[in-house]
Every structure is written in C-alpha cells, then in structure tokens.
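Quick note: the coordinates plus some simple rules give every number you see, no bench work behind them. Remember, predicted model here, so these are calculated numbers, not experimental data. Backbone-built Cβ (ideal geometry, glycine too); neighbour counts: all protein chains shown.
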Ligand code: PMV
C-alpha cells in the first residue's frame, strides 16, 4: 500500500493557456514541451486504514495549502472510496514559482498513487489522470519532446523525439524564488473572460504547433526558436491585456531577455521561454550552455541559475 515515484518538470515551448472544460480540466489548446533531467519531484504515497484524513508533507513541512488538490488527485486515480493517504513530496527546486513544479508534483503523485493502489495503468491513462490535476502534468508522463493534442473528449499524448536524439540544454534563470501571486487556473479563466486577445490566441495555436512539430522533427533549431519565442510572447500578451492585467515578469525577467538577445546577436544558438512566473528558461544547443549560463548568472537580478538537459518520463522507483 506504499509506492514512490519520481517525475521531472517540463517546459512548454508551445504553451497551454486556457481551458475548454474547467470541471474536467481539459485544455483549450494543444501544447509541446520538453521534459527536464536535473530538476525533479519525488512523491511517496502510503495508503493506510489508520488515517482519518489525508496528510501532506512538502519538503519536510506539513502543507495544508496543497492538500485539497493532492486529495482530489488521489480520488481521481484511486477512486473517492479509497483509504486515506500520507503523501510526502520533495523537490530540488523552488515550488509554485512558475518552474512547472505542479507538473512534476502531480505526475509523480499520479504514478505513486496508482502504484500504492496496485493499479497497472498504461502511460496514456496515467497522463490523462495527471492532466485532470494539472494540465501540464500530463506531459511529464513522457520524456524528451512531448506533444499534447486535444481530441474529442480527452487529450492524446505523443513523444515527438527522445532525449538522446536532440540533446538540447535548458538554463533556468531564477529571478524570484517565492510563490507566484496568481495560480494558473484562476489566471487562465481571467484571460478567457477578459482578454481581447484570447480568441486569436486559441485560433493561431494549431499553426504554431505545426511549425514547432516540424522544426523538432527536422532538428531545426532556428525554426523552433522563432516559433517558441513568438508563442510565449503571445501568451503573455493575452495575460497583459486581461482585466485586471496579469504581469508575471519582473525587471530581471526583462534583463534576461536582453542578455539572450545579445547572445543571439553574437551567434549563440539560444532562445527564451517564460511561464506563469518571472523565471526565464533559455533553451540552447549543448555547446552554448556554458556561455548562456555564465551570461545569465551575471545578469542583474538573477538569483540563481540551474542548467538541465532533457529528461525521462515519470516513473515508479523502489524505496527501501
Ligand atoms: O498545468 P498548469 O495548470 O500549471 O498550467 C501551466 C501553464 C503554463 O506553464 C504557463 C504553460 C504550459 O504549457 O506549461
């Protein structure tokens, strides 16, 4: 009745922003991501007849704030009539700060919950279950380059390319390690309800997905860079034009973008992407990771830089 799983966060190159069904947490658009290797969340789930309530411990501290979402995730995977659980989670990077911690946390929780309840689900089923807790978590059930497609009543996931066949590097510049002000569900709904750009964002997504998918299949770095930056800035434009506006960036976020523009001008193969937080993720070819890491470390306002390769799918691990 106990199982442990590890999942890596993933970074979207073509973003998921907006829901077509809030109740079932179905995304309004498809997305394409890369799963990282160096960042991880490890989750243990222990089901016990001795517990009256679920318990959650995050990085050695009891957490009440995340507990309802974790409990709902366990209900989704195991069923609401399940035993109560003791859930222990540990991440090696700041959580809830726009670093995709919910993706790795819910991917790992889903795999650990299925393991604890002895449910042998296929990866795609696990991905759909994880996606009900956090849309981006579905993608962390796969490694390397991953596409999430909307289909009639659900989501379909495809591994576009494995980790080794195009070993890009991601340099994450952390400009503010604290938790973000607005969670993504609330922010997406605000965008849908108030942003004048929301509809065109949704309309153009298929085209961006087609361009990015083709670039990944051809290993066309310049093509991927152009569409990924464009898609990221469009998502943030939707947020900025919402009422009230949602600006997740700080001044260091801008400084990082300027640093990366300068490096691009010097011939460096790098592009940026930014999620619902002020951190900047610089995606680059392996030979350029060192110079990108150094330049971002020296950028005003950057507090920490983490470099990662592309990583594997979420998986169960043995725990003595
Ligand atoms: O999965 P959520 O609900 O945390 O939303 C993720 C939203 C973005 O990170 C901004 C984009 C994405 O595709 O990961």
Query raised in the report: residue 149 to residue 240: extension gain in nm, 0.36 nm per residue of separation minus the Cα-Cα distance?
Result: 30.2 nm
Requested in this report: Choose one answer from 58, 227, 43: the residue with the largest mean-square fluctuation in a GNM of the chain with alpha-carbon springs under 10 Å.
Outcome: 58
Report summary line: For residue 83 and residue 319, extending 7 Å from Cα along the Cα-Cβ vector and measuring point to point gives, in nm, a value of 1.4
Query raised in the report: What order do you get for 32, 78 when you list them from fewest to most C-beta neighbours inside 10 Å?
Result: 78, 32
Query raised in the report: Using Cα-only point scatterers and the Debye equation, what is log10 of I(q)/I(0) for the chain at each q in 0.15 Å⁻¹, rounded to two decimals?
Result: -1.21
Query raised in the report: By how many nm would the segment from residue 220 to residue 61 grow when fully extended, if each residue of separation counts as 0.36 nm and the alpha-carbon distance is taken off?
Result: 52.8 nm
Query - Amide N of segment 1-35 lying under 19 Å from the label point, which is placed 7 angstrom from the Cα of residue 197 along Cα→Cβ - result: 12-19, 28-32
Report summary line: Expressed in nanometres to one decimal, the distance between label points 7 Å along Cα→Cβ at residue 22 and residue 158 is 3.2
Query raised in the report: Cα gyration tensor of segment 169-308, axes a ≥ b ≥ c as square roots of the eigenvalues: rounded (a/c below 1.5), prolate (a/b > b/c) or oblate?
Result: oblate
Query raised in the report: Given a Förster distance of 56 angstrom, what is the FRET efficiency for residue 291 paired with residue 189, based on the Cβ-Cβ distance and rounded to 0.05?
Result: 0.90
Query raised in the report: Build a GNM of the chain with springs between Cα atoms under 10 Å: which of 183, 30, 143 gets the top mean-square fluctuation?
Result: 183
Report task. Just subtract the alpha-carbon distance of residue 264 and residue 204 from 0.36 nm times their residue separation and send over the number in nm, one decimal. Result -> 19.0 nm
